[in-house]
Structure formats: C-alpha cells, structure tokens
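Participant: Below is one structure. I have some questions about it.
The values are calculated or read from the model by the stated rules, or taken from the named source; none is laboratory data. Just so it is clear, the structure is predicted and the values come from calculations on it, not from any experiment. With ideal geometry, Cβ positions are generated from the backbone for all residues, glycine too; neighbour counts draw on all protein chains shown.
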Amino acid sequence: MYDAIPLDEIRARQEAIRASFGQRGLDAILVVGRSFYDRVGDLAYVSNHFPPFPATVFAGGQRGLGHALLLIPASGPSALLLDGWAYRREMVAADEVEASPDLPALLVAVLKRRGLGGARVGLVGEDILPLAMARALGDALPALELRRADEVVRAMRRIKSPAEQSLLRRAADIAGSGLDAAVGALRGAGAGQAEQLTERAVCAEGIARAMREGADFVRYLRVHAGSWSAVGSRWPQATERPIAPGEVVTLDIIGAYQGYQFDVLRTTVAGPPDVRPAPAHRRLLEAVLEAARRAVAACRPGTPCRDVVQAANGYLEAQGYGPFARTFMGHGIGLETVEEPYLTPDDPTPLAPGMVLCVEPGVYVPDGQAAPGGPPGPVGASIEEEVLVTEGDPEVLTRFPAQLWE
C-alpha cells in the first residue's frame with residue numbers, strides 16, 4: 001500500500017504559490033531539490049518527487065545527478081526537470097516532465113522555450129543550488145534575474161496538514177518499534193550471551209525492525225555507549241565496542257516513512273531489567289527526563305521557541321547541569337529531518353498549531369568535569385520527543401516510553 005499525500009493537496013500548494021507571485025513581482029518560481037535522504041523537502045512538498053540518485057560530482061555530460069527542479073510559471077504548465085527517468089509518473093504532481101543527465105542544459109532550454117530567459121524567477125533552495133548550475137544559468141541567460149524566494153514554500157511547510165500529521169504519527173511509531181528492538185538487545189548485555197554485545201549488534205536489531213515496520217530507510221541508528229554517550233557524534237553510528245552492563249547508552253534513530261521523517265532519541269543503561277543506573281547516572285537521566293517533559297509542556301501556540309529552550313535549560317541549570325546543557329535543543333521535522341523553526345535560546349519565532357517539533361534537551365559532561373552530585377565525564381544523556389503543536393495541549397507523537405530504567 002502506498003500511503004502518501006494526495007496529489008490534489010500538492011497541486012493546491014502550487015496554486016497557493018502562484019497566488020503570491022503578484023506581490024513579489026515574480027514571473028515564475030524554481031524549486032530545487034536534492035537526493036531523497038538529503039535536502040528534498042521543498043521539492044517534494046510541491047511535486048511529490050524524491051530524487052532517487054545520490055548527489056554526484058559534475059563531470060562530462062553528467063551534470064546535476066541527484067538533483068531535480070520544479071518550474072512553476074505564473075501562467076502555463078508546471079515542469080518537473082529530472083536528472084533521469086527514474087520516477088513514477090502517477091506519483092508526481094507536475095503538468096510536464098522532462099529528463100536529462102545534463103540538468104543545467106535542460107533548465108536553460110526550458111526557460112528559453114517558455115520565454116523566461118530574461119524573467120524574474122524566485123529561487124527556492126538557494127542554499128542547495130549547485131554553484132556549477134548557477135554559473136551555467138548566468139552564462140547562458142545573462143538577463144535572467146534570480147530572486148531569493150525560500151520563504152514562499154517554507155512558511156507553508158512549517159504548518160503540517162492533517163495528511164502530513166498522519167504520516168508523521170506513523171513515522172514516529174516506526175521509530176518507536178526500532179528503538180524497542182534496540183532496547184531489547186541492550187537488555188541482553190551481560191546476560192550470558194555467547195558473544196559480547198556490541199554497539200553494532202544493537203544497531204542492527206533496531207534498523208531491521210524499523211524496516212520491517214515500514215520505514216522507507218533508516219539513515220542511522222546511533223548507538224553510543226559509555227564515554228561515547230557524551231560526544232553526540234553521528235559518525236560512526238555504531239562500532240564494535242562491547243557494551244557492559246550498567247553503561248549509559250544513547251539511541252538515536254532517524255529515517256522516514258513515505259517521505260516523512262522520524263527522529264527520536266532515548267538514553268538508558270545497558271543490562272537486564274534488574275540492572276539499575278549508578279546513583280549519579282540516575283540523577284542525570286531523571287534531570288534530562290524532567291527537562292524534556294517541561295519543554296514539551298511549553299509547546300503551545302504563541303510561545304516563542306526560545307521559551308521552550310528556557311523551560312528545559314532553566315530546570316537543568318537549577319539542577320547544576322547548566323554549563324553542560326545543549327543550546328540547540330530541537331527543530332521542526334517533516335519532509336526533512338531538520339526543518340524550521342530551530343529551538344535555540346535566541347529564536348523568537350512563535351509556535352503555531354500544526355507545527356511538528358523534535359524537542360531534545362540534553363546534557364553532555366566532558367572528560368575531567370562533573371556537575372554537582374556527578375556523574376564525572378565523559379557521559380551524556382538526551383531524550384527527544386516529537387511534538388505536534390495544537391490549539392490546546394501539545395500532542396506527543398512518540399509513544400515509545402521515555403523512561404527506560406528502573
């Protein structure tokens with residue numbers, strides 16, 4: 001079964017974009033997208049196309065692989081420009097589709113054919129348009145005026161429609177299934193298994209479960225134990241390092257379901273259920289858990305992003321963890337893992353119903369330092385919830401338990 005956003009909804013987005021042209025003085029909008037697991041959000045939102053090829057070096061006649069473009073003119077048919085024919089026509093919302101391994105040359109040809117060679121074109125995706133493609137446009141169409149127009153699409157993307165919310169709920173459930181399998185593997189640490197449990201073995205169990213439950217892909221399941229829990233590094237996602245009972249372990253799973261992302265993080269201790277956290281580790285885990293609860297409770301309409309951060313970090317500071325609390329404390333999520341708004345101490349953006357956020361307060365104590373009452377570093381903990389802002393109480397989309405220790 002293909003459970004996706006209805007194409008009529010996507011076409012309605014295109015019409016809403018066209019309606020903004022007059023006030024912006026635009027003749028067309030050009031939306032840039034990159035590989036499905038990378039920066040596809042703007043393009044997928046307005047076309048439902050997910051470029052399947054990895055973004056690749058420009059060489060010879062192969063220029064622009066791993067990219068795609070949607071041209072929406074003020075009048076006339078929309079055009080989806082692809083790096084090749086690897087797509088399903090019934091799944092995309094575009095009036096016309098053209099493909100070429102030389103994407104800059106195709107774009108130039110289409111703009112000329114449409115009489116837009118000297119037009120005012122709003123660019124959505126300035127930060128990912130390859131410089132080589134921009135140069136090709138400038139050389140071939142010197143009268144073309146590209147104007148930054150990211151906000152045309154991204155303001156719409158911040159508020160998730162009911163259909164998007166449904167997909168994000170399912171994605172969060174898949175993330176929970178993957179974490180459940182990973183935690184199940186951790187419960188075997190030190191339980192007499194034939195071989196020592198490793199980060200990689202835990203990672204494999206979680207990814208396999210998430211894929212069986214319907215994930216498009218799992219970008220990574222970060223399994224970091226002991227001193228690695230303090231690093232927050234995404235690479236490598238897991239190693240052959242043995243996991244000992246009682247060690248603090250962070251589990252961070254990221255992937256997608258029907259294009260809509262999941263990003264859920266949990267921290268616990270390894271070992272059978274009768275293994276308890278050391279007192280200093282328990283204090284850390286429970287402080288982060290309470291900080292997450294307070295941040296989630298703050299996710300209400302009109303609340304500035306910075307106040308969500310303060311709700312968590314103010315509590316952590318009172319517990320003595322202030323110097324070690326993370327300041328980038330979350331982000332929006334949707335067709336990309338990290339979307340606007342960003343939860344940072346200086347972001348005044350007010351929350352609005354329909355926003356979906358990843359709220360992830362954390363504490364990372366470096367080597368040689370310790371909070372009052374411990375634990376000494378290096379050690380870290382974070383708990384991440386996916387939250388839908390509603391007119392009333394926030395809805396926590398992640399139903400997998402946040403407290404995984406006794």
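Participant: Kindly provide the set of residues from segment 41-74 that are among the β-branched types (Val, Ile, Thr), surrounded by 23 or more Cβ atoms within 10 Å (Cβ to Cβ) and within 23 Å of the chain's Cα centre (by Cα), ordered by number.
Facilitator: Passing the criteria: only VAL46.
Participant: Any chance segment 346-361 includes a residue that's small (Gly, Ala, Ser), in contact (Cβ under 8 Å) with a residue 24 or more places away in the chain, touching a Cys at 6+ places or on another chain (Cβ under 7 Å) and closer than 27 Å to ILE128 by Cβ? Before the answer, list the steps.
Facilitator: If we filter segment 346-361 for residues that are small (Gly, Ala, Ser), which is where we start, we get 352, 354.
Then keep just the ones that are in contact (Cβ under 8 Å) with a residue 24 or more places away in the chain; that gives 352, 354.
Remaining after also requiring touching a Cys at 6+ places or on another chain (Cβ under 7 Å): none.
No, segment 346-361 contains no residue that is small (Gly, Ala, Ser), in contact (Cβ under 8 Å) with a residue 24 or more places away in the chain, touching a Cys at 6+ places or on another chain (Cβ under 7 Å) and closer than 27 Å to ILE128 by Cβ.
Participant: I'd like to verify a number: residues in segment 75-97 that are out of contact with any Ser or Thr (no Cβ under 7 Å at 6 or more places or on another chain) and surrounded by 14 or more Cβ atoms within 10 Å (Cβ to Cβ), how many?
Facilitator: Selection size over segment 75-97: 9.
Table: residues versus (1) of a type in the set (Val, Ile, Thr); (2) farther than 19 Å from PRO77 by Cβ; (3) touching a helix residue (DSSP H, G or I) at 6+ places or on another chain (Cβ under 6 Å); (4) surrounded by fewer than 19 Cβ atoms within 10 Å (Cβ to Cβ).
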site	(1), (2), (3), (4)
ASP102	no, yes, no, yes
LEU106	no, no, no, no
LEU111	no, no, no, no
LEU116	no, no, no, no
GLY125	no, yes, yes, no
MET133	no, yes, yes, no
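Participant: Which of the strands (runs of 3 or more DSSP E) contained wholly in segment 78-137 include at least 2 residues that are in contact (Cβ under 8 Å) with a residue 24 or more places away in the chain?
Facilitator: It comes to 79-82, 120-124.
Participant: If I go through segment 145-174 residue by residue, how many of them are buried (at least 17 other Cβ atoms within 10 Å of the Cβ) and outside any helix (DSSP H, G or I)?
Facilitator: Total meeting the criteria: 3.
Participant: Another question, then. Within segment 371-380, which residues are exposed (fewer than 15 other Cβ atoms within 10 Å of the Cβ) and either charged (D, E, K, R) or in a loop (DSSP other than H, G, I, E, B) (or both)? Let's see the steps before the verdict.
Facilitator: We begin by selecting, within segment 371-380, every residue exposed (fewer than 15 other Cβ atoms within 10 Å of the Cβ); these are 372-373, 376.
Answer for segment 371-380, where residues must be exposed (fewer than 15 other Cβ atoms within 10 Å of the Cβ) and either charged (D, E, K, R) or in a loop (DSSP other than H, G, I, E, B) (or both): PRO372, GLY373.
Participant: Looking at TYR364, TYR315 in this structure, which one is out of contact with any strand residue (DSSP E or B) (no Cβ under 6 Å at 6 or more places or on another chain) and of a type in the set (Ser, Thr, Tyr)?
Facilitator: Selected residue: TYR315, the only one of TYR364, TYR315 that is out of contact with any strand residue (DSSP E or B) (no Cβ under 6 Å at 6 or more places or on another chain) and of a type in the set (Ser, Thr, Tyr).
Participant: Shifting gears a bit: Looking only at segment 257-306, count how many residues are crowded, with 22+ Cβ neighbours inside 10 Å and either among the basic types (Lys, Arg) or not assigned by TED's automatic domain parsing to the domain that holds ARG209 (or both).
Facilitator: 1
Participant: Separate question: In segment 214-232, what residues are surrounded by fewer than 22 Cβ atoms within 10 Å (Cβ to Cβ) and more than 19 Å from THR268 (Cβ to Cβ)?
Facilitator: Once the filter is applied, which keeps residues that are surrounded by fewer than 22 Cβ atoms within 10 Å (Cβ to Cβ) and more than 19 Å from THR268 (Cβ to Cβ), segment 214-232 yields GLY214, ASP216, PHE217, ARG219.
Participant: Which residues, counting only those in segment 233-246, are buried (at least 19 other Cβ atoms within 10 Å of the Cβ) and free of Cβ contacts under 8 Å to residues at least 40 places away in the same chain?
Facilitator: Within segment 233-246, just GLN237 meets the criteria.
Participant: Regarding segment 280-302, can at least one residue be identified that is under 22 Å from the mean Cα position of the chain (by Cα), in a strand (DSSP E or B) and closer than 30 Å to MET156 by Cβ?
Facilitator: So far as segment 280-302 goes, no, none of its residues is under 22 Å from the mean Cα position of the chain (by Cα), in a strand (DSSP E or B) and closer than 30 Å to MET156 by Cβ.
Participant: Being β-branched (Val, Ile, Thr) and touching a residue at least 12 places away in the same chain (Cβ under 8 Å), is that true of even one residue in segment 49-59?
Facilitator: no
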